[in-house]
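J.: Below are the structure tokens for one structure; questions will follow.
What follows is calculated from the coordinates using simple rules that are stated; it is not laboratory data. Note that the coordinates shown come from a computational prediction; the quantities given were computed from them, not determined experimentally. Here Cβ is always computed from backbone atoms with ideal geometry, including for glycine, and neighbour counts include all displayed protein chains.
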Amino acid sequence: MLLAARLPAEICLAEECKMVDVKNAVESLPRDEGRTSLPEPIIRMRGITKRYYIGEPNELEILHGIDLTVYPGEFVAIVGESGSGKSTLMNIIGVLDRPTGGSYMLDGVDVQRAKDRELSAIRNKKIGFVFQTYNLIGRQSAQKNVELPMLYAGTSARQRSQRARELLDMVDMGDRAKHQPNELSGGQKQRVAIARAMANNPALLLADEPTGALDSQTSRTVMDLFHELHQKYGMTIVLITHNAELAEECQRVLTLRDGMVIRERKGAGADGHLG
């Protein structure tokens, strides 16, 4: 299958760029024993809270009991204005931060019980990240950027190279494989970032304001690519955005305000068409 990938947070966080035994770490993670014949959610959050300065006079709670369930193959948008808590929630969904309270199961893994090394494996093998600022590695070609998650996952050099080429072709960047980030436009950088996010076949594609730094025409191209990944390849996608129009294209839209989900509704994508 062409789409077999995910982008680790190691790509996003330089200090976490470590070689890990991903396979063993993931297999050792605590799993939910209560499986049924119903589809297992990719994301199951219950009562998620996040507080800072705990025990101090200026203690601050950002998230107030978030419940979120995302099933395989869904395209879900989380929309909110600046200060709504969506970035904090994104960090928790992406296992970049731990919640203060509540429970979080990600693709059958109890994130709350996982150790730091296991969280690194989760980010590498279960989540593909796409960020507003692309987070490509400078002085590395587009090809090498796409290969990087597979390097951390222990994929052979031959397999890494072949898959990176396939993914770059998929996002129409095959002819720019040898170009470095400073030789690419914003839209081209984001397409490389999406290819990198797919490198390890993630359970979840997590996109944080992926069109925020792009003009309207390029944003349309990037969103069309997300729709293709969802409709053609069945990717599970969570889109974090402040753009209500883009959010409306998804199957479900959750509105966040003051750290709480105040509304959940169907988007245009729920009927299998847009517009």
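J.: Go ahead and run the numbers for FRET between Asp67 and Asp215, Cβ-Cβ distance against an R0 of 35 Å, rounding to 0.05. Show your work: numbers first, answer last.
T.: Values: r = 36 Å, r/R0 = 1.02.
That pair, Asp67 with Asp215, gives E of 0.45.
J.: Here's something else I'd like to know. Whole-Hz Karplus ³J(HN,Hα) for segment 90-100, in order, using 6.51 cos²θ - 1.76 cosθ + 1.60 and θ = phi - 60°, x for Gly and Pro?
T.: Computed from phi, the couplings for segment 90-100 are 4, 4, 6, 4, x, 6, 8, 8, 9, x, 6 Hz.
J.: Given contacts defined as C-alpha pairs under 8 Å and at least six residues apart, what's the relative contact order of segment 118-275, whole-number percent? Intermediate results must be reported in sequence, preceding the final value.
T.: Details: 234 pairs, mean separation 37.2, N = 158.
It comes to 24 percent, rounded to a whole number.
J.: Indicate the gyration tensor shape class of segment 45-183 (rounded, prolate or oblate), computed on the Cα atoms with a ≥ b ≥ c the square roots of the eigenvalues: a/c under 1.5 is rounded; otherwise a/b larger than b/c is prolate and the rest oblate. Intermediate results must be reported in sequence, preceding the final value.
T.: Values: a/c = 2.24, a/b = 1.94, b/c = 1.15.
Prolate, since a/c reaches 1.5 and a/b exceeds b/c.
J.: For segment 191-204, take each phi angle, set θ = phi - 60°, evaluate the Karplus expression 6.51 cos²θ - 1.76 cosθ + 1.60, and give the result in whole Hz per residue in order, putting x for glycine and proline.
T.: Those phi angles translate into 5, 5, 4, 5, 4, 4, 4, 8, 4, 10, 6, x, 6, 9 Hz.
J.: At what distance in nm do the modelled label points of Asp110 and Met260 sit from each other, each positioned 7 Å from its Cα along Cα→Cβ?
T.: It works out to 3.0 nm between the two label points.
J.: Under the rule a/c < 1.5 gives rounded, and otherwise a/b versus b/c splits prolate from oblate, where does segment 175-238 land using the Cα gyration tensor?
T.: oblate
J.: Is the C-alpha gyration tensor of segment 74-141 telling us rounded, prolate or oblate? Criteria: a/c under 1.5 is rounded; beyond that, a/b larger than b/c is prolate, otherwise oblate.
T.: Details: a/c = 1.84, a/b = 1.13, b/c = 1.63.
Taking the square roots of the gyration eigenvalues as a ≥ b ≥ c, segment 74-141 is oblate.
J.: Roughly how many whole Å is it from the C-alpha centroid of segment 118-150 to that of segment 162-222?
T.: Between the Cα centres of segment 118-150 and segment 162-222 lies a distance of 11 Å.
J.: Kindly write out, for segment 118-133 in residue order, the coupling ³J(HN,Hα) from the Karplus curve 6.51 cos²θ - 1.76 cosθ + 1.60 (θ = phi - 60°), rounded to whole Hz, with x marking Gly and Pro.
T.: Calculated HN-Hα couplings, in order: 5, 5, 4, 5, 4, 5, 6, 10, 10, 10, x, 9, 10, 10, 4, 9 Hz.
J.: In addition: Assigning unit charges at the beta carbon (Lys, Arg +1; Asp, Glu -1) and nothing else, what dipole magnitude in debye, to the nearest 20, does segment 166-214 show about its Cα centre? Mind dumping the intermediate values first?
T.: Numbers: 5 positive and 7 negative charges, 23 e Å.
In total the dipole reaches around 100 debye.
J.: Need one number: nm distance between label points at Arg46 and Ala244, each 7 Å from Cα along Cα→Cβ, rounded to one decimal.
T.: Using points 7 Å along Cα→Cβ, the separation is 3.3 nm.
J.: Please report Arg123, Arg263, Arg257 as a ranked list, fewest other C-beta atoms within 10 angstrom at the top and most at the bottom.
T.: Numbers: Arg123 29, Arg263 10, Arg257 15.
Listed from fewest to most nearby Cβ atoms, that is Arg263, Arg257, Arg123.
J.: Only counting other Cβ atoms within 10 Å, I'd like Tyr71, Tyr53 sorted with the fewest neighbours first. Walk me through the intermediate numbers first.
T.: Working: Tyr71 15, Tyr53 10.
Arranged by neighbour count, lowest to highest, Tyr71, Tyr53 become Tyr53, Tyr71.
J.: Let me ask something else about it. When only Cα pairs under 8 Å and 6 or more residues apart are kept, what is the percent relative contact order across segment 174-249? Before the final figure, lay out each step's value.
T.: On the way: 49 pairs, mean separation 24.9, N = 76.
For segment 174-249, the relative contact order is 33 percent.
J.: Counting only residues 5 or more places away or on other chains, whose amide H sits under 5 Å from the amide H of Gln132 once H atoms are built in the peptide plane?
T.: Asp208
J.: Which of Arg51, Arg191 has the fewest other C-beta atoms within 10 Å, and how do the rest follow up to the most?
T.: Details: Arg51 15, Arg191 25.
The fewest-first ordering by Cβ neighbours comes to Arg51, Arg191.
J.: Just to be sure I understand the model, the point goes 7 Å from the Cα along the line to the Cβ. What's the resulting Tyr53 to Tyr233 distance in nm?
T.: Here the answer is 4.4 nm between the modelled labels.
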